[in-house]
1. State all residues of the range 32-64 that are modelled with pLDDT of 95 or more and among the basic types (Lys, Arg); if no residue qualifies, say none.
2. Do you know which of the residues in the range 14-41 that are farther than 18 Å from Glu69 by Cβ and among the polar types (S, T, N, Q) is farthest from the chain's Cα centre (by Cα)?
3. Is it true that some residue in the range 4-20 is in a helix (DSSP H, G or I), crowded, with 17+ Cβ neighbours inside 10 Å, among the polar types (S, T, N, Q) and in contact (Cβ under 8 Å) with a residue 24 or more places away in the chain?
4. Pick from the range 25-74 the residues that are assigned to a loop (DSSP other than H, G, I, E, B) and touching a Lys or Arg at 6+ places or on another chain (Cβ under 7 Å): which of them is farthest from Arg85 (Cα to Cα)?
5. Give me a count of the residues in the range 42-73 that are over 16 Å from the mean Cα position of the chain (by Cα) and either more than 25 Å from Lys104 (Cβ to Cβ) or of a type in the set (Lys, Arg) (or both).
6. Which is closer than 19 Å to Ile95 by Cα, surrounded by 13 or more Cβ atoms within 10 Å (Cβ to Cβ) and among the aromatic types (Phe, Trp, Tyr), of Tyr68, Tyr72, Tyr32?
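The values are calculated or read from the model by the stated rules, or taken from the named source; none is laboratory data. Remember, predicted model here, so these are calculated numbers, not experimental data. Glycine gets a Cβ as well: all are built from the backbone with ideal geometry, and neighbour counts include every protein chain shown.
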Amino acid sequence: MREDILNDRHKIFYSIGEVSALTGLKSHILRYWESEFPTLRPEKRSNGRRAYRKSDILLILVIKKLLYEEGYTIAGARKKLAEARRRPEQYKDIIAELRGDLEKVLGLLGRAGAERRR
C-alpha cells in the first residue's frame, strides 16, 4: 500500500495517516508541527480532515531532518527554514538530499512489500 501511495503520480492530496506512514512520524507530531511551523499548513476539507500535498510532505521531511538528524531545536529549525526561503539555493540542496533518501525508502518499501506477498 505504501509503495502505491508514493508511486501514484496522479494523487494530489494525502491523508494524515498516509503522511504519518510515509514520514515515520505519528499523527500527533504532525499536528503539533502545524502549530510550530507557519509554513506547514495542509488544506482542511469541509469535514475538518487534513489534506497534505507532496510539497507539505517534503517540508515535513526537511523539518524532521533538521530536528532529528541535525539536532536543531524547534525555534532553530523555524529560523533555518526562514533563511532557506530567503536563499532558495540552500533549500534546493536539502530537497535533493531528501529526494535521494526518499528513493532509498521506496526501494526498501518495495522489497518489504514483495516479501509480504510471498
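1. Answer for the range 32-64, where residues must be modelled with pLDDT of 95 or more and among the basic types (Lys, Arg): just Lys64.
2. The qualifying residue farthest from the chain's Cα centre (by Cα) is Ser35.
3. No, the range 4-20 has no match at all.
4. Result: Leu25.
5. 7
6. Tyr72
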